[in-house]
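Heads up: the structure comes next, in structure tokens.
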Amino acid sequence: MKFTFVTLFANLVEGYFQDSILSRAIEKGLICVEYLNPRDFSNSKHAKVDDTAVGGGAGMVMNPQPLYDALKFLKQSDKNVHIIFLTPVAKPFRQNDAKRLANKSHIAFVSGRYEGIDERVVEEFADEVFSIGDYILTGGELASLVLCDAISRNIEAVLGNSESLDVESFETHLLEAPSFSKPQNYEQKSVPSEYLKGNHSKIRSLKLALSECKTKFFRPEQLLKHRTRKSYEK
């Protein structure tokens, strides 16, 4: 899988791939990461990439020419590239999207800056547009990294133990059960005793109950989805 980050600030992204799971995935050739800077395509004398907003309003907008030409070049280089724009005015990114997109061969993330991207570029090149939440960031690089991480860990062999994917939050609409490590007792607090008895059937039942409790507290709408699905299966 190839990931291309279309960004004015590649240095904000590069460090994330220098350690841990994604670094090892690059070493194994499971993923590769490239960068494309729209500023390199600017026709402006000073490589300008922004301009005032038509119709007024505060701040500057990424003007179409540099980004348009950068994405045109990208499409000519690989007609199969799947281009994703990151913006708060889009549908939320979900776990099912991460799993689906893990089957692509090449994904490009377009990171906006300033007050946003000229909409004509989005309309011309976007295969999908995603938001990672109802809040505003200073740029799209963090959102691009969120999607890249979530997608990468669903690529075969990226995780050391693929079974880890089966018990994660949102795989069954439930949040993942609380996790504990050794030692058994720490600061006068112990792990649930059922975890220590070796009865895997009872441990699974307890984890399910804890998952439902956590989901009810933090994400009640997810618990409703879980119960609806269980009722449908019956």
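The values are calculated or read from the model by the stated rules, or taken from the named source; none is laboratory data. If you're wondering where the values come from, they're calculated on a predicted model, not measured in any experiment. Cβ placement follows ideal geometry from the backbone for every residue including glycine, while neighbour counts extend to all protein chains displayed.
Considering region 21-43 alone, what residues qualify as being among the polar types (S, T, N, Q) and either closer than 17 Å to A108 by Cα or touching an Asp or Glu at 6+ places or on another chain (Cβ under 6 Å) (or both)?
The answer is N37, and nothing else.
Residue by residue, here is whether (1) of a type in the set (S, T, N, Q); (2) touching a residue at least 24 places away in the same chain (Cβ under 8 Å); (3) assigned to a helix (DSSP H, G or I); (4) closer than 24 Å to N96 by Cα holds:
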| residue | (1), (2), (3), (4) |
| --- | --- |
| L174 | no, yes, no, yes |
| S179 | yes, no, no, yes |
| P183 | no, no, no, no |
| Y195 | no, no, yes, no |
| G198 | no, no, no, no |
| S201 | yes, no, yes, no |
| K207 | no, yes, yes, yes |
| L210 | no, yes, yes, yes |
| K214 | no, yes, yes, yes |
- Residues that are within 27 Å of N103 (Cα to Cα) and touching a helix residue (DSSP H, G or I) at 6+ places or on another chain (Cβ under 8 Å): which strands (runs of 3 or more DSSP E) entirely in region 1-83 hold 2 or more of them? 2-6, 32-36
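Condition check ((1) under 25 Å from the mean Cα position of the chain (by Cα); (2) in contact (Cβ under 8 Å) with a residue 24 or more places away in the chain) across all residues:
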position	(1), (2)
G15	yes, no
K45	no, no
N63	no, yes
L67	yes, yes
- Message: Pull out all pairs, ordered by first then second residue, where Cβ-Cβ is under 8 Å, the residues are six or more apart or on different chains, the first lies in region 111-122 and is without any contact (Cβ under 8 Å) to a residue 60 or more places away in the chain, and the second is crowded, with 20+ Cβ neighbours inside 10 Å and assigned to a loop (DSSP other than H, G, I, E, B).
- Response: G112/G140; D118/N63
- Query: Out of curiosity, is L86 touching a strand residue (DSSP E or B) at 6+ places or on another chain (Cβ under 8 Å) and in a strand (DSSP E or B)?
  - Reply: yes
- Message: Can you say whether K104 is of a type in the set (K, R) and within 24 Å of G29 (Cα to Cα), as far as the supplied structure shows?
- Response: yes
- Query: Where residues in region 99-153 are of a type in the set (S, T, N, Q) and surrounded by fewer than 19 Cβ atoms within 10 Å (Cβ to Cβ), which of them is modelled with the lowest pLDDT?
  - Reply: T138
- Message: Residue pairs, Cβ under 8 Å, 6 or more apart or interchain, first in region 152-169 and closer than 11 Å to L30 by Cβ, second among the basic types (K, R) and modelled with pLDDT of 90 or more. List them.
- Response: A157/K28; L159/R153
